[in-house]
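Everything on this sheet refers to the single structure shown next.
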Amino acid sequence: MHALTVSDPHAGLAGLTLTTQPHPHAAENDVIVRVHAAGFTPGELDWPGTWSDRSGRDRTPSIPGHELSGVVTELGYGTTGLTIGQRVFGLCDWTRNGALAEYVAVEARNLAPLPADIDHTVAATLPISGLTAWQGIFEHGRLEPGQTVLIHGAAGGVGSIATQLAREAGARVIGTGRAADRETVLDLGADTFLDLDADQVEDAGEVDLVFDLIGGDIRDRSTALVRAGGTLVTIAGPPSLQPENGRAVFFVVEADRSRLTDLAQRLRDRRLRTILGAVRPLAEAPSAFNSLRRANGKTIIQVAEGN
């Protein structure tokens with residue numbers, strides 16, 4: 001099969017190569033998925049799991065891309081809950097080969113059924129962004145109706161979904177970003193927008209929850225905004241500062257079939273929308289991976305034609 005692979009952790013983006021790889025093997029509780037569309041995170045080449053397995057052993061050449069939508073073609077021993085020919089979407093394990101390939105082996109529990117009226121390219125924008133937004137806002141941030149949440153990077157993949165979820169939950173939402181993001185963030189339901197280039201983070205005032213998707217100085221300065229009993233949640237690395245009378249949480253998203261099913265239903269009900277950016281073929285995946293290029297919406301790699 002054709003796949004995008006990396007072999008040298010020091011080569012950076014130049015090390016991304018389209019190669020021919022063996023067809024994946026379905027281990028116990030796995031399924032093989034014919035990939036129709038895949039999403040990726042530009043920072044994947046810095047993740048330890050890209051280069052080694054759970055035991056720390058080198059696993060190169062490895063295939064990046066951990067969000068996928070496709071069709072089940074094979075069931076591993078003991079696999080339940082999915083069937084051959086079923087449309088699915090979800091997450092690949094961080095320390096196994098990803099979805100920037102024609103086929104991928106995935107633990108069945110990491111996948112959810114995909115309704116027929118959701119396009120594969122749209123579905124591939126949802127797993128990491130949607131689950132990260134839900135887990136950050138509700139499971140770790142414990143956001144409740146009537147509270148105020150400050151979302152840094154509110155126009156991005158995670159931030160755009162977090163903004164919609166928080167607003168639907170009855171929270172007051174303050175979204176941040178660049179000036180060009182203002183209309184997008186307000187259209188998603190934010191009550192207020194802060195331009196990180198022109199406004200001061202401190203202008204947000206006290207909040208119950210800071211959901212940080214940026215890190216660095218923005219995250220550190222926001223710590224002082226968390227009111228007593230509140231929380232700062234970040235995915236940008238362990239926080240260096242703690243709120244004076246609150247909590248600080250760093251987390252990595254986890255697969256959740258039931259939540260993916262819920263998010264898909266929200267898409268169907270038009271209670272949620274993702275921001276789909278460029279859709280590019282697998283042959284263009286190396287250039288699409290360029291993290292120095294700021295794209296509008298999430299770039300998706302379409303591996304197989306058709307829906």
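The values are calculated or read from the model by the stated rules, or taken from the named source; none is laboratory data. This is a predicted model, so every value here is computed, not measured. Reconstructed Cβ throughout: ideal geometry from the backbone, glycine too, with neighbour counts over all protein chains shown. Heads up: the accessible areas ignore ligands, DNA and RNA and are worked out on the full protein's heavy atoms, side chains in. Shrake-Rupley method; radii C 1.70, N 1.55, O 1.52, S 1.80 Å.
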Original post:
So what is the accessible area of the range 149-222 per residue, in Å², with the probe set to 1.4 Å?
Top reply: 37 Å²
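As a test, work out the antiparallel percent of DSSP beta bridges whose residues both lie in the chain, rounded to the nearest 5.
Numbers: 31 of 57 bridges.
Counting DSSP beta bridges with both partners in the chain, the antiparallel share is about 55 percent.
Could you compute the net charge surrounding GLY246? Neighbours are other residues with a C-beta less than 12 Å from the C-beta of GLY246; K and R count +1, D and E count -1.
Value of the local net charge: 0.
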Subject >> Longest to shortest principal axis, alpha-carbon extents of the range 1-89, angstrom >> reply: 40, 28, 22
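Work out how much length GLU139 to ALA14 would gain on full extension: take 0.36 nm times their residue separation and subtract the Cα-Cα distance, in nm to one decimal.
Values: separation 125, 0.36 × 125 = 45.00 nm, distance 3.80 nm.
That pair, GLU139 and ALA14, stretches by 41.2 nm at full extension.
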**OP:** With a 1.4 Å probe and every protein chain kept in, tell me what percent of the accessible surface of the chain is carbon plus sulfur.
**Re:** 48 percent
**OP:** Taking the dipole about the Cα centre of the chain, with the C-beta of Lys and Arg at +1 and of Asp and Glu at -1, give me whichever of THR163, PRO115, GLY12 is farthest to the positive side.
**Re:** PRO115
Original post:
If you rank VAL31, VAL279 by how much accessible surface each has, with a 1.4 Å probe, what is the order from largest down?
Top reply: VAL279, VAL31
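What number comes out for the charge environment of VAL303, summing +1 per Lys or Arg and -1 per Asp or Glu over other residues with Cβ under 14 Å away?
Result for the local shell: -3.
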Original post:
How are the C-alpha pair distances of the chain spread across 10 Å bins, as whole percents from the shortest bin up?
Top reply: 6, 28, 33, 23, 9, 1
**OP:** Could you work out the relative contact order of the range 176-307, using alpha carbon pairs under 8 angstrom and six or more residues apart, expressed as a whole percent?
**Re:** 13 percent
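What net charge do the residues around VAL279 carry, taking every other residue with its C-beta under 15 Å from that of VAL279, with Lys and Arg at +1 and Asp and Glu at -1? Walk me through the numbers before you get to the answer.
Details: positive: ARG280, LYS298; negative: GLU67, ASP119, GLU284, GLU305.
In short, -2.
Kindly provide the helix-only [θ] at 222 nm of the chain, computed as the sum of -39,500 (n - 2.57) over DSSP H runs of four or more divided by all residues, to the nearest 500 deg cm²/dmol? Could the numbers behind the result be given before it?
Numbers: 7 runs with 53 residues, N = 307.
Using -39500 (n - 2.57) per qualifying helix, the result is -4500 deg cm²/dmol.
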Original post:
When only Cα pairs under 8 Å and 6 or more residues apart are kept, what is the percent relative contact order across the chain?
Top reply: 18 percent
Subject >> Packing-based ranking, highest mean first, of 192-198, 130-136 given that Cβ atoms within 10 Å are counted >> reply: 130-136, 192-198
**OP:** Could you check the simple spin-label distance between ARG221 and TRP47, using points 7 Å along Cα→Cβ, in nm with one decimal?
**Re:** 3.0 nm
